[in-house]
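Visitor: Questions regarding the structure given below will be posed in turn.
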Amino acid sequence: MTHKDSILLKTLRKEHTSRPPVWFMRQAGRILPRYLALKEKYTFREMMENPKIAAEVTLMPITDLGVDAAILFSDILVIPQALGMDLHFPDSGPLFSTPLISSKKPSQLLSADASKLEYIYAVIDEIIAQKSSHIPLIGFCGSPFTVLLYMLQGLHRKSDFPDAIQFIYQNKRETKKIVEIITELSIEYMRAQIAHGIDMFQLFDTHAGLLPFELYQELILPHVTRFAQEARNTHTPFVFFPKGIGLGFQQITPEHADFVSVDWQTPLSLARTMLHADIGIQGNIDPRMLYSSELELHEYLETYKQFGTKHNDWICNLGHGFMPGLPLERAQQIVQWIKNTDWTEG
Ligand code: CP3
């Protein structure tokens, strides 16, 4: 068996499989005890930049959780770094020393240096050398919108990014310029990840819900189409995660993505009726359900059984990434439940 026959890649091709595939957003790091032990010795940056350690963390969830795919251990904020911004990762979350809102014409401060991303391709090469051949590798980057918010605001703590949003409304033309700069470099980054052998690509737009959909449609969706087209040119499945987009799901078409990752706000069955029939669905377990008891989580998971039995094009995942502190056993329970459930119809 090669990784092309893996349950994830078959599902992405809409082929029949005996059960849904499962992986988790933010599965690499965060809740894994072996990762937390490494964090005692190294900073996040050190781990991400060292191919041996980054490959080790990338592959940890395969053994420690039993998931069907690995996702590259890196971060969406490597793009602002490669555009010349100075980034730190204290425990409180990412922090830029000079947020773009402190400048009148921030686009002039940015200058793309794609060579600053090369260490990540060394990480991908190392992962592929180490992983067993039937495990697919997922590559990713942030959507230009979520990345823009961090670049403008400069830090993560104000999670609704009030100053960044104000900047966008006050400086639409400059915003469009920055979005273009981010997109150009991110597409080049995606292309290189594909050339180095990733099997699926996911675009994370964690903060998509912070704009009215019409504005999101004007500023961001045309760029998402560019990613999707580029991925399609190389036959790489493309998954889009526009978190909090709500009724906007109705406007997402196969032009934007092969699969859409649905957030925990939207019931899967409702997402199914809103999304174009040719788009597959990934999601949307509420990660906070992992705080509940084994029995409560089991009952919650059972509500997914009908959907998974009926829909061949479903990838089991979370409706947003794991938060630090969630219990490992509950994550393992989800994978075990997927593997032990009878998915035949009837
Ligand atoms: O999914 C994975 O595990 C693969 C690697 C990955 C990381 N970040 C590693 C990371 C991925 C896919 C991301 C994406 C990411 N990063 C997003 C989009 C997806 C989402 O879940 O919202 C965003 C918004 C970021 C920005 C970011 N990076 C934040 C807000 C934080 C700090 C808060 C937190 O969640 O821990 C980070 C740091 C970060 N990125 C860590 C990891 C493992 C934690 C670093 C540590 O352990 O100290």
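The values are calculated or read from the model by the stated rules, or taken from the named source; none is laboratory data. Remember, predicted model here, so these are calculated numbers, not experimental data. Reconstructed Cβ throughout: ideal geometry from the backbone, glycine too, with neighbour counts over all protein chains shown. Quick note on the areas: whole protein, heavy atoms, side chains included, nothing else; ligands and nucleic acids left out. Shrake-Rupley method; radii C 1.70, N 1.55, O 1.52, S 1.80 Å.
Visitor: Can you tell me which residue is least open to solvent (accessible area, probe 1.4 Å) among those in region 297-324 that are at pLDDT below 95 and within 10 Å of the ligand (Cβ to nearest atom)?
Guide: Going through the qualifying residues, I end up with 323.
Visitor: Further question: So in region 63-76, with the set limited to residues that are more than 17 Å from the chain's Cα centre (by Cα) and outside any loop (DSSP other than H, G, I, E, B), which one is surrounded by the most Cβ atoms within 10 Å (Cβ to Cβ)?
Guide: Going through the qualifying residues, I end up with 64.
Visitor: Take region 325-346 and flag every residue that is modelled with pLDDT of 95 or more, assigned to a loop (DSSP other than H, G, I, E, B), open to solvent by 30 Å² or more (accessible area, probe 1.4 Å) and in contact with a helix residue (DSSP H, G or I) (Cβ under 7 Å, 6 or more places away or on another chain).
Guide: 327
Visitor: Under 15 Å from the mean Cα position of the chain (by Cα) and within 16 Å of the ligand (Cβ to nearest atom): which single residue out of 164, 208 fits that description?
Guide: The match here is 208.
Visitor: How many residues are buried (at least 16 other Cβ atoms within 10 Å of the Cβ) and of a type in the set (Gly, Ala, Ser) when one looks only at region 123-140?
Guide: Number of matching residues: 1.
Visitor: Name the residues in region 47-86 that are among the charged types (D, E, K, R) and within 11 Å of the ligand (Cβ to nearest atom), would you?
Guide: Scanning region 47-86 gives a single hit, 75.
Visitor: Restricting to region 190-211, name every residue that is assigned to a helix (DSSP H, G or I) and either in contact with an Asp or Glu (Cβ under 7 Å, 6 or more places away or on another chain) or closer than 12 Å to residue 235 by Cα (or both).
Guide: Once the filter is applied, which keeps residues that are assigned to a helix (DSSP H, G or I) and either in contact with an Asp or Glu (Cβ under 7 Å, 6 or more places away or on another chain) or closer than 12 Å to residue 235 by Cα (or both), region 190-211 yields 190, 191, 194, 195, 210.
Visitor: When region 247-268 is examined, which residues are found to be out of contact with any Gly (no Cβ under 7 Å at 6 or more places or on another chain) and not in a loop (DSSP other than H, G, I, E, B)?
Guide: 247, 248, 249, 250, 251, 260
Visitor: Taking the options 9, 36, name whichever one is of a type in the set (A, V, I, L, M, F, W, C) and open to solvent by 70 Å² or more (accessible area, probe 1.4 Å).
Guide: 36
Visitor: Got a sec? Which helices (runs of 4 or more DSSP H) wholly within region 110-173 have at least 2 residues that are within 22 Å of residue 28 (Cα to Cα) and of a type in the set (Phe, Trp, Tyr)?
Guide: 118-130
Visitor: Looking at region 138-147, can you tell me whether even one residue there is over 30 Å from residue 7 (Cα atoms) and without any contact (Cβ under 8 Å) to a residue 40 or more places away in the chain?
Guide: No: region 138-147 contains no residue that is over 30 Å from residue 7 (Cα atoms) and without any contact (Cβ under 8 Å) to a residue 40 or more places away in the chain.
Visitor: Somewhere in region 282-290, is a residue touching a strand residue (DSSP E or B) at 6+ places or on another chain (Cβ under 8 Å) and closer than 13 Å to residue 335 by Cα?
Guide: Yes, that holds for at least one residue.
Visitor: Also, quick follow-up: Out of 115, 111, 107, which single residue is over 21 Å from the mean Cα position of the chain (by Cα), open to solvent by 70 Å² or more (accessible area, probe 1.4 Å), at pLDDT 95 or above and away from the ligand (no atom under 16 Å from the Cβ)?
Guide: On inspection, the qualifying residue turns out to be 111.
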